[in-house]
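Below is one structure, written out as structure tokens, with a few remarks after it.
The values are calculated or read from the model by the stated rules, or taken from the named source; none is laboratory data. Quantities reported herein were computed from a predicted structural model and do not represent experimental measurements. Cβ placement follows ideal geometry from the backbone for every residue including glycine, while neighbour counts extend to all protein chains displayed.
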Amino acid sequence: MTYAINTILLWFSAIGCGLLAGLYFSFSSFIMRALGRIEAPSGIAAMNSINAVIQRSAFMPLFLGSSLAALILAGIALFQWHQPGSVATLTGGVTYVVGMFACTMAFNVPLNNALAAVDPASSNDANMWARYLRDWTFWNHVRTIASTVAMILFIYAISIR
């Protein structure tokens, strides 16, 4: 039974990590650059709209579910250290929870909250928008890499089980 649960969690986590890595990659590769090319008030309004919509989308259950699954997998790996793939599972789980979930909560969400509080008509919005784009995108790169590495490690763990 534990083997089956572990396998299901590994597959769910690998797929979830891959989906979120793709989303984060899109933001890092072109979405944030595209938003940075438009006037600050319009960019701020667009990003605030994205942030509002994403919170009420399929992203949230996947974001939270894959984070919880990765945390559970890391815990299981600690107690099943003798099993093939446990090092990859533990490393993938920790990488995902710290590099994706904790990073999001500590950096991207506060930046989003600060952006939501900005008056787009303010005279300082261009400087704030430039800082937001730089800082948010940096932390998004971290999330992209962490999600991709975790996905690879989970797939590796699946392949050697």
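For the stretch 80-132, give me each residue that is over 22 Å from I44 (Cβ atoms) and among the β-branched types (V, I, T).
V87, T89, T91, V94, T95, V97, V98
Restricting to the stretch 88-134, and then to whatever is free of Cβ contacts under 8 Å to residues at least 12 places away in the same chain and outside any helix (DSSP H, G or I), can you tell me which residue is farthest from A70 (Cα to Cα)?
Ranking the qualifying residues of the stretch 88-134, first place goes to S123.
Among the residues of the stretch 1-58, write down those that are at pLDDT 95 or above and charged (D, E, K, R).
Within the stretch 1-58, R33, R37, R56 meet the criteria.
Just to be sure before I move on: is G65 part of a helix (DSSP H, G or I), touching a residue at least 12 places away in the same chain (Cβ under 8 Å) and buried (at least 16 other Cβ atoms within 10 Å of the Cβ) in the structure I sent?
For G65, the condition - part of a helix (DSSP H, G or I), touching a residue at least 12 places away in the same chain (Cβ under 8 Å) and buried (at least 16 other Cβ atoms within 10 Å of the Cβ) - is not met.
For the subset of the stretch 141-157 comprising residues that are touching a residue at least 60 places away in the same chain (Cβ under 8 Å) and more than 19 Å from I72 (Cα to Cα), which member is surrounded by the fewest Cβ atoms within 10 Å (Cβ to Cβ)?
Residue satisfying both the conditions and the ranking: H141.
Looking at (1) closer than 19 Å to S49 by Cα; (2) out of contact with any helix residue (DSSP H, G or I) (no Cβ under 6 Å at 6 or more places or on another chain); (3) β-branched (V, I, T), can you tell me which one T137 breaks?
All conditions pass for T137, except number (2).
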